[in-house]
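See structure below.
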Amino acid sequence: MTHPHPRRRSSLLALATVVAGLAPPASAAWEPTGTQTVRLHGRDGQSVAIGSVSFQPRADGRTGFTLALDHGRLKDFFLSMKEFKCVEAPDEVMCHVPYPYPQPGTVGTGDLVWLEHSLLFLFKRPGEFGAKLWNGMYFKLQAGERGLVGTPQAIDLNLISAPPAQPGVPPYRPALRDDIAPGARWFERLTIE
């Protein structure tokens, strides 16, 4: 077995260092840290900051989260004998529906389901009275480079009108959610960044 001459070996090492320096830096993936802003994005290109999520590491390796809505940005609506915090858009009102049962309030690598369940909404037309719970929205979250991006899915909020049979299991599994056609709802996206 032959070994490269020491001068040639140092030339190869120098070339490898230069090439490595020219490589683009690896993009940083989103991490659940600190306090990040929750925004709803309308189909007109405008966004509304509706609150924030604070992330705290836990000893078990998961990350706890706390959702805080910005009540100054949301309007009170009294629907079906219950008060909701809502955002008004030109042809739609979207109201936050807090998940009403105990849940761990954690996320993990590739597991954002309890955060998704904390961001449930219902929508209605401005002139409609009452809350139609079958008009629910669930934002399926995916991690990107800058934050989380939520795609809306249709759900029936009547499912959570009674306590779940299995309290520690998130009720809105994929089979109970339907994709929403682009442009069907005013708020087409939710981001956390």
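Among rounded, prolate and oblate, which fits the range 112-193 when a ≥ b ≥ c are the square roots of the eigenvalues of its C-alpha gyration tensor, a/c under 1.5 means rounded, and a/b larger than b/c means prolate? It is oblate, given that a/c is not under 1.5 and a/b is not larger than b/c.
Around the amide H of GLY136, modelled in the peptide plane, lie the amide H atoms of ILE155, LEU157, all under 5 Å away and 5 or more residues distant in sequence or on another chain. One chain, two ends: THR66 and SER52. Fully extended at 0.36 nm per residue, the span grows by 4.2 nm beyond their Cα-Cα distance. Scalar couplings 3J(HN,Hα) for the range 158-165, obtained by applying the Karplus form with A = 6.51, B = -1.76, C = 1.60 to θ = phi - 60°, are 4, 4, 9, 6, 10, x, x, 5 Hz; x denotes Gly and Pro.
For the range 31-192, the Kirkwood estimate of hydrodynamic radius, built from reciprocal distances between every pair of different alpha carbons, is 16.2 Å.
Around the amide H of ALA89, modelled in the peptide plane, lie the amide H atoms of MET94, all under 5 Å away and 5 or more residues distant in sequence or on another chain.
Direction-averaged projected area, Cα convex hull, the range 58-142: 6.7 nm², rounded to one decimal. Rounded to the nearest whole Hz, the Karplus-based 3J(HN,Hα) values (6.51 cos²θ - 1.76 cosθ + 1.60, θ = phi - 60°) of the range 91-99 follow the sequence 10, 7, 10, 10, 10, 6, 10, x, 5, with x at glycine and proline.
No value in this document is a laboratory result; all are computed from the given coordinates. All values reported here derive from a predicted model rather than from experimental measurement.
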